[in-house]
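The structure appears below as C-alpha cells.
The values are calculated or read from the model by the stated rules, or taken from the named source; none is laboratory data. Here the structure is a predicted model, which is why all the values come from computation and not from measurement. So basically every Cβ, Gly included, is an ideal-geometry build from the backbone, and we count neighbours across all protein chains shown.
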Amino acid sequence: MTRTRCIGAALGAFGLLLWPGAAHAHLMSTGVGPFYDGALHVLASADQVLPLLALCLLAGLRGKASGRAVLFGLPPALLAGAAAGRWGPPLPFIGVASTLLLLVLGGLVAADRRLPLRLVIVAAAGCGLLIGYANGAAMAEARLGAVSLLGIATAGFAAAALVPAFVVSLRHAWMRIAVRVAGSWIAALGVLMAAWTV
Amino acid sequence: MNNGRQMINRVAGVVFAMVLAWPYVAWAHERAGESGGFLVGLLHPLSGLDHMAAMVAVGLWGAQLGPPAIWALPVTFPIVMAFGGALGIRGVPIPGVEMGIALSALALGIAILWEIRPPIAVAAALVGLFAIFHGHAHGGELPPGADRMLYSLGFVIATGSLHACGISIGLFHRWSWGRMLLRACGGSVALLGVYFMVSGLV
C-alpha cells in the first residue's frame, strides 16, 4: 500500500468519525427497530449482561463440552423466559434472582472448580429463563412484540458463541487467572447488589 | 523491518486521529445518573491516597510472594471488600474504619519492605481483613441519584485495576534491582500508612 493511499484511508476514517452524531441522538426514544431494541436491551444493561457474561466465562473455563451446552441451551431458555416475561405477570423477585445469579456464577468462575456438565446445563437454563423474563417484561413495558424477543435470544446466542470460545482458546495460565479475577469482580458486584436490594 | 515500522507509525496515526475524533455527542443523552454513577464509582478508590496505596500494595505483595498469592490476593480482596461494602450500605457501623485503612497501608508496606512470606492462608486472611475497611468506606458513599449497579461496577473495576498496577510493578521482582524497587515501594507505602495514622490521631 502506498503512503498516499494510507493517508487517504486515514483521512477517510477521520472524516467518517466526524460524521454528525447528533442526528442519532434521540434513539433512546425512537428505538432502533424491535429486533435491535431487544438485542441491545440485553447487551446494554449491566444487570442483564453481567450474569450472562459470568455464565459464558464459566462455560469457557469448564471446556468445550460446557461451551457447546451453553451455546445450544442458553438461547432457547432466553427466548422462553422472554416470552413468559412479555406476556406473563410481573414477578417481584426477578431483581433479587438476578443478583443471586451474579453472586453464584461469579463465585463459580472465581473458584474455577470442576463442575458436572449437568450443572452447567441447569445454570444455562436457569440464567436464560431469569434474564429472559426480566428482558421480556421490559419489552412489554416498551410495547414491543415478538421480534424483540428474537433479538434477545440472538444477543444471548452471540454471547454464548463468542465468550466461551474465547476462554477455551486461552492457553496461558495467567489468562485463565484473569478470567477468574473477572469472576471475582462479578461476585463482588453480586454481594454489593444484594446489600442494595435485599 | 523498515516497512514494519512504517506500518506501526501509520496505524498509530490512524488511532490518534480516531481518539481526537471521539464523539462526545454520544454522552448527550445518557440516562440520568448512569455515567455519573459509573464514573463516580470508578474514581472513588482513586480519590484517596490511602486507598490507592493499600490497593497497589496488595498487588505488589502478591507479585513478591509469587504464585499462588499473585492471583489469590487480588481474587480475595474484591469479594471480601464487597462484604465490607455491604455492611456500609446497610449502615452497620465498624469502628475505626479510617484507622483500619491507614493500618492496612502500614502493614502491607512493612510486609513488602521486609519481604515477609507468611502462609498463603494467613496472607489472604490479612488482606481480607483490611479489605473490609476499604469496602465499608466505599459502600456508604453512593451519591444521591447515581445508579447503584454502575457505581458498584465502577469501584470494583477501579480496585481491580489498582491491584493490576501493583502486580505489574511487582513483575520487576525477578531482577535484583527490581527487588530493591519493590522494597522501596513497600517502604513508601508504609510511610504513607504512618502519615495517615498520625493524621487520623491528631
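Yes or no, residue by residue, for (1) more than 20 Å from A:Leu189 (Cα to Cα); (2) of a type in the set (Phe, Trp, Tyr); (3) crowded, with 19+ Cβ neighbours inside 10 Å:
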| residue | (1), (2), (3) |
| --- | --- |
| B:Thr76 | no, no, yes |
| B:Gly88 | no, no, yes |
| B:Ile101 | yes, no, yes |
| B:Ala105 | yes, no, yes |
| B:Leu108 | yes, no, yes |
| B:Glu115 | yes, no, no |
| B:Pro118 | yes, no, no |
What is the residue count in region B:146-178 for residues that are without any contact (Cβ under 8 Å) to a residue 40 or more places away in the chain, part of a helix (DSSP H, G or I) and away from chain A (no Cβ under 11 Å)? 5
Members of region B:1-56 found to be of a type in the set (S, T, N, Q), within 30 Å of the chain's Cα centre (by Cα) and either farther than 30 Å from B:Gly166 by Cα or modelled with pLDDT under 80 (or both), listed by number: B:Ser35
Residues located in region B:86-120, provided they are outside any helix (DSSP H, G or I) and among the acidic types (Asp, Glu): B:Glu115
With respect to the numbered conditions (1) at the interface with chain B (Cβ under 10 Å from one of its Cβ atoms); (2) at pLDDT 90 or above, which one is the sole condition not fulfilled by A:His24? (2)
The one condition in (1) within 14 Å of chain A (Cβ to nearest Cβ); (2) closer than 15 Å to B:Phe83 by Cβ that B:Phe133 fails to fulfil: (1)
Taking the criterion of being at pLDDT 90 or above, surrounded by fewer than 18 Cβ atoms within 10 Å (Cβ to Cβ) and within 30 Å of A:Val181 (Cβ to Cβ), would at least one residue in region A:76-96 satisfy it? no
Suppose the filter is in a helix (DSSP H, G or I) and under 26 Å from B:Arg90 (Cα atoms); does B:Leu142 pass it? no
Are any residues in region B:40-74 in a helix (DSSP H, G or I), over 18 Å from A:Ala188 (Cα atoms) and within 14 Å of another protein chain (Cβ to nearest Cβ), and if so, which ones? B:Gly62, B:Ala63, B:Ala69, B:Ile70
Kindly indicate whether B:Gly135 is closer than 14 Å to A:Leu189 by Cβ, surrounded by 17 or more Cβ atoms within 10 Å (Cβ to Cβ) and modelled with pLDDT of 85 or more. yes
When only residues in region A:162-180 that are at pLDDT below 90 and within 19 Å of A:Cys56 (Cβ to Cβ) count, which is nearest to the other protein chains (Cβ to nearest Cβ)? A:Ile177
Any residue at all in region B:114-127 that is in contact with a His (Cβ under 6 Å, 6 or more places away or on another chain) and either within 13 Å of chain A (Cβ to nearest Cβ) or at positive phi (or both)? no
For region B:124-143, indicate whether the set of residues that are of a type in the set (A, V, I, L, M, F, W, C), closer than 30 Å to A:Gly95 by Cα and touching an Asp or Glu at 6+ places or on another chain (Cβ under 9 Å) is non-empty. yes
Residue match in region A:86-104 (condition: closer than 21 Å to A:Ser169 by Cβ and under 17 Å from the mean Cα position of the chain (by Cα)): no
Does B:Ala107 fit the bill of being out of contact with any helix residue (DSSP H, G or I) (no Cβ under 6 Å at 6 or more places or on another chain) and closer than 26 Å to B:Glu141 by Cα? yes
